[in-house]
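A short reminder: the numbers here are calculations on the coordinates, not readings from a lab. This one's a predicted model, so the numbers in the text were calculated from it and none came from an experiment. Here the Cβ positions follow ideal geometry from the backbone for every residue, glycine too, while neighbour counts run over all protein chains shown.
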Amino acid sequence: MKLPPPAGELDGVLKRNRARWARNRLARVGLRRAQHLGWPNTYTFTKSLGESILARRGRDLPIAIVRTVDRGKLRAFSFTG
């Protein structure tokens, strides 16, 4: 018969499992919200963040947004937006 782990060890296991559960839950909720807001990936998210900041704080500035493109992945992962 296998004995249960000592109380201190069990507390550590529970703490790690709670942290893992919270991290996974927050990631799922965050991904769902991002997709709902139209950000299917980090590119569209960071693009939106940059544009929002410029729209709020750079109204009087002449602005051009230039982003580099990895042309090798362009065809495989292209989508509207």
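Subtracting the Cα-Cα distance from 0.36 nm times the residue separation, let me have the gained length for D11 to N24 in nm, one decimal. Show your work: numbers first, answer last.
Details: separation 13, 0.36 × 13 = 4.68 nm, distance 1.99 nm.
Length gained between D11 and N24: 2.7 nm.
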Dipole in debye (nearest 20) - segment 7-74, about Cα centre, beta carbon charges: Lys, Arg +1; Asp, Glu -1: 180 debye
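Could you tell me whether segment 7-74 comes out rounded, prolate or oblate from its Cα gyration tensor? Rule is a ≥ b ≥ c as square roots of the eigenvalues, rounded for a/c under 1.5, then prolate if a/b exceeds b/c, otherwise oblate.
Numbers: a/c = 3.39, a/b = 2.43, b/c = 1.39.
Prolate shape, in that a/c is at least 1.5 and a/b is the bigger ratio.
Given a Förster distance of 30 angstrom, what is the FRET efficiency for I65 paired with H36, based on the Cβ-Cβ distance and rounded to 0.05?
On the way: r = 24 Å, r/R0 = 0.80.
FRET efficiency, I65 to H36: 0.80.
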